[in-house]
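As structure tokens, the structure follows; a few thoughts come after it.
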Amino acid sequence: MSTQTTFASLGLDDRIVRALHEEQYETPTPIQAQSIPVVLSGRDLLAAAQTGTGKTAGFTLPILQKLIEKPRTAKVAGAPRVLVLTPTRELAAQVHESVVTYSRHLTCVAQVMFGGVNINPQIRALKGRVDILVATPGRLLDHVGQKTVDLSQVEILVLDEADRMLDMGFIHDIRRVLKYLPKTRQNLLFSATFSDEIRDLAKRTLGNPVEVSVAPKNVTADRVEQVVYHVDQSQKRDLLSHIIRGHGWHQVLVFTRTKHGANRLAEKLVKDGLSAAAIHGNKSQNARTRALDGFKNGKLSVLVATDIAARGLDIEDLPQVVNFELPNVAEDYVHRIGRTGRAGAEGEAMSLVDKAEVKHLKAIERLIGRTIPMRDLPTDWVPSAKPDADRPERGSSLRPQHRSGAGRSGAPSNRPRRSGSRPGGSTTSPARRGGDRRTGRGARPS
């Protein structure tokens, strides 16, 4: 696609282009340049795109264009023309916000629904007109059961982050939703990867789709410096706290495997004098919103999250991501570190690896096709004589031999980082178990 491609040249209405211009978006991202013409043509679409590529605008913009070109002649309460299914309430809120942003000069009406909040305001909103409905599967089926939403007039179905929906066990809910939709409709499926399960879902849902992909599968960002520390599980908290405090990190996203582990780590960091909070599926809606907002506006330095809770979180110029524990699934490592080093900015992904996790590290390195350099433990760090009380002692800390290209001692580099003009920003109302993205100011729409 030519570098001279603009949103106007893709056939978008002047009012949509004006909204994009007001958000300082001038040039389509690769996924937008490929997806928009396909959606406008009416073809089904199967797209491989990770968070941070601008995929939300890749389907939102052409959908708005199609609604403009074929306006609804009669007002039908609670009967959306477009249904966007997302795995989490954060993602639903962010997609809805993007729709509102891009349609600010149109008469389009968008609604969002997700669990974890009172259903009655959603029922009242559905008594009026709705053009685009963004929903999580569980809450949507609640409305279907109460007959407060009519899916018989859906013209376009979007499955956003379909791989995560399958991971979270939503396949049965998705199949139930499909039964309520018209057989004749346009289908758009977005996934970070094309697994066998995604291919199977695509066969059942899409009709002769156009397939687009913006990057080789599971490639990690070039601008993300990836490093590994080998340290016993029982000493990880002390080491992480030491590194964050010693280097003055002010915005760190830390991943744990479990909700309990996220809570315990956040509590430890707070005791060490750091401003930290945990976010996971067991947290209340208000607690999750407060934690997200606090992290994005700088009041919190450390956000500790599980994979599901942090899915798709888009935080502007996020400099550091830490894998407190490696994920069991290698692909999740790619999703985790993809939250830093975006849109020209530089970032660092640090992994704390216990000897029991070495097998996960090797699987990750096979997936990304590279060896992640090891660093020596900081020379000014003295491991605590008492291991974390709730962690089983697994033996002494491992000090690695240098790999080729590694060997820097001490904590991660604190080099100046380039300020990227990328979209990010805050979320207004978040999610069942994790999130996607919101539009912010920058060079490209989300």
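Annotations for the structure displayed:
- Subset tally (residues that are touching a helix residue (DSSP H, G or I) at 6+ places or on another chain (Cβ under 6 Å), at pLDDT 90 or above and hydroxyl-bearing (Ser, Thr, Tyr)) for segment 28-59: 2
- Test: residue in segment 18-27 that is closer than 19 Å to residue 158 by Cβ, surrounded by 14 or more Cβ atoms within 10 Å (Cβ to Cβ) and at pLDDT 90 or above: no
- Residue check for residue 83: aliphatic (A, V, I, L, M) and in a strand (DSSP E or B): yes
- Strands (runs of 3 or more DSSP E) lying entirely in segment 106-194 (those with 3 or more residues that are free of Cβ contacts under 8 Å to residues at least 40 places away in the same chain): 110-113
- Hey, residue 200 outside any strand (DSSP E or B), crowded, with 17+ Cβ neighbours inside 10 Å and of a type outside the set (S, T, N, Q) or not: no
- Taking the criterion of being farther than 26 Å from residue 19 by Cβ and crowded, with 20+ Cβ neighbours inside 10 Å, no residue of segment 117-135 qualifies.
- In segment 264-290, the residues that are within 19 Å of residue 324 (Cα to Cα), touching a strand residue (DSSP E or B) at 6+ places or on another chain (Cβ under 9 Å) and without any contact (Cβ under 8 Å) to a residue 24 or more places away in the chain: 267, 270
The rows are residues; the columns are (1) more than 14 Å from residue 230 (Cα to Cα); (2) of a type in the set (Ser, Thr, Tyr); (3) modelled with pLDDT under 80.
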position	(1), (2), (3)
335	yes, no, yes
339	yes, no, yes
344	yes, no, yes
348	yes, no, no
352	no, no, no
356	no, no, no
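- Taking (1) in contact with a strand residue (DSSP E or B) (Cβ under 9 Å, 6 or more places away or on another chain); (2) among the basic types (Lys, Arg); (3) over 19 Å from residue 205 (Cβ atoms) in turn, residue 104 satisfies each apart from (1).
- Residues in segment 60-77 that are in contact (Cβ under 8 Å) with a residue 12 or more places away in the chain and under 20 Å from residue 19 (Cα atoms): 9 in all.
The values are calculated or read from the model by the stated rules, or taken from the named source; none is laboratory data. All figures in this text were calculated on a predicted structure; none of them were measured in a lab. We place every Cβ from the backbone using ideal geometry, glycine too, and count neighbours over all the protein chains shown.
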